[in-house]
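Input: a single structure, listed below in structure tokens.
The values are calculated or read from the model by the stated rules, or taken from the named source; none is laboratory data. Just so it is clear, the model here is predicted, and its values are computed rather than measured. Backbone-built Cβ (ideal geometry, glycine too); neighbour counts: all protein chains shown.
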Amino acid sequence: MHSQSDLPLPGFEHIEAPYWYAHGGDLEPEAYGLQVARRLEERILQLGADNVAAFIGEPVQGAGGVLVPPAGYWQEIERICRHYDVLLIADEVICGFGRTGCWWGSERFGFRPDIVTAAKGLSSGYLPIAAMLVGRRVGDAVIEAGEEWTHGFTYSGHPVAAAVALENLRIIAAEGLHERASGPLGDYFARALATLADHPLVGEVRTCGLLAAVELVEDRAARRHFAPERRVGLACRDHCIAEGLVMRAVRDVMVLSPPLIISEAEIDQIVLRAARALDRTAADLDL
Ligand SMILES: Cc1ncc(COP(=O)(O)O)c(C=O)c1O
């Protein structure tokens, strides 16, 4: 993505994602989580706190491979942001509206962002709509500036999309769909997916609400990944599609994000088809 778009842009710094399985080594997940969170503090100090406007992250990094942060990671990030007066932005485009079992992923992980970005679940994808939500502190600053807010898109505030989003949110609340992923259904999903962890190709299965990752590795004991040019994830994705299952490949991490209305019987079907696709991928590799 970066090479196609002349990225990264100046003015944006990145720190390591809390990806324990790949980078945690011998550390316990919580200790590793604290270690990577503190990279934020180190970077702020390097850059000078007055030069850092905000930190942005997804509660669970979705398109990065469903990286579920260890307990305590977000609390430490929040502490650092508050200490250095850096705004905390939660990108809730994937995690928002029930994906992790609460309205917001930040709620699930127990931190309070200053700004939230949201999209997909806002209309359950039925019509295109996205939003940026700001708390009082940011909102008041914008209002007190006494200027017109000049940021916008051609379709900003489109009344049809807004009406669909409002109705979608009404249905989610009325049917309690936002809580399904943290209730018995979410537990069932986690248990069902966990059965795939015994497959010889699988290094780790991660779930958070109705988000899941099945990470494919060459050597489970050593947590060693396949060489990227072998494109094992893409081969597995094609086998999944042949099995009638849409499971995206992020590198060699197979990711799932099923609808909040999924049933236990449909979860069984996902696991059955994923297991068959894993067998077919392993057979390609002569495992
Ligand atoms: C976490 C996350 N943030 C942002 C985006 C981009 O959102 P938009 O297309 O609304 O700009 C995506 C798109 O997939 C996403 O998954």
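Quick grid of which residues meet (1) within 13 Å of the ligand (Cβ to nearest atom); (2) more than 21 Å from Leu40 (Cβ to Cβ):
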{"residue": "Asp85", "(1), (2)": "no, no"}
{"residue": "Ala90", "(1), (2)": "yes, no"}
{"residue": "Cys95", "(1), (2)": "yes, no"}
{"residue": "Thr100", "(1), (2)": "yes, yes"}
{"residue": "Arg108", "(1), (2)": "no, no"}
{"residue": "Pro113", "(1), (2)": "no, no"}
{"residue": "Val116", "(1), (2)": "yes, no"}
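Within this structure, Val36 passes the test of being over 14 Å from Cys208 (Cα atoms) and either surrounded by 13 or more Cβ atoms within 10 Å (Cβ to Cβ) or within 16 Å of the ligand (Cβ to nearest atom) (or both). For first residues located in the stretch 53-78 and outside any loop (DSSP other than H, G, I, E, B) and among the aromatic types (Phe, Trp, Tyr), partners that are within 14 Å of the ligand (Cβ to nearest atom) and modelled with pLDDT of 95 or more and lie 6+ apart or on another chain with Cβ distances below 8 Å form the pairs Phe55/Ile89; Trp74/Pro59; Trp74/Ser106.
Considering (1) in a loop (DSSP other than H, G, I, E, B); (2) more than 22 Å from Ile172 (Cβ to Cβ); (3) basic (Lys, Arg), the lone condition that Arg43 does not fulfil carries the number (1). Any residue at all in the stretch 226-247 that is within 19 Å of Lys120 (Cα to Cα), out of contact with any His (no Cβ under 6 Å at 6 or more places or on another chain), surrounded by 17 or more Cβ atoms within 10 Å (Cβ to Cβ) and not hydrophobic (A, V, I, L, M, F, W, C)? Within the stretch 226-247, not a single residue is within 19 Å of Lys120 (Cα to Cα), out of contact with any His (no Cβ under 6 Å at 6 or more places or on another chain), surrounded by 17 or more Cβ atoms within 10 Å (Cβ to Cβ) and not hydrophobic (A, V, I, L, M, F, W, C). Pairs are defined by a Cβ separation below 6 Å, a sequence spacing of at least 6 or placement on different chains, a first member in the stretch 244-259 that is closer than 12 Å to Arg206 by Cα, and a second member that is of a type in the set (Val, Ile, Thr); the pairs so defined are Met254/Val214; Val255/Val66. Within the option set Gly57, Gly64, being touching a strand residue (DSSP E or B) at 6+ places or on another chain (Cβ under 9 Å), within 16 Å of the ligand (Cβ to nearest atom), at pLDDT below 95 and not charged (D, E, K, R) holds for one residue only, Gly64. For Leu27, the criteria (1) within 19 Å of the chain's Cα centre (by Cα); (2) part of a loop (DSSP other than H, G, I, E, B) hold in every case but one, which is (1). In this structure, Arg82 does not qualify as touching a residue at least 60 places away in the same chain (Cβ under 8 Å) and not acidic (Asp, Glu).
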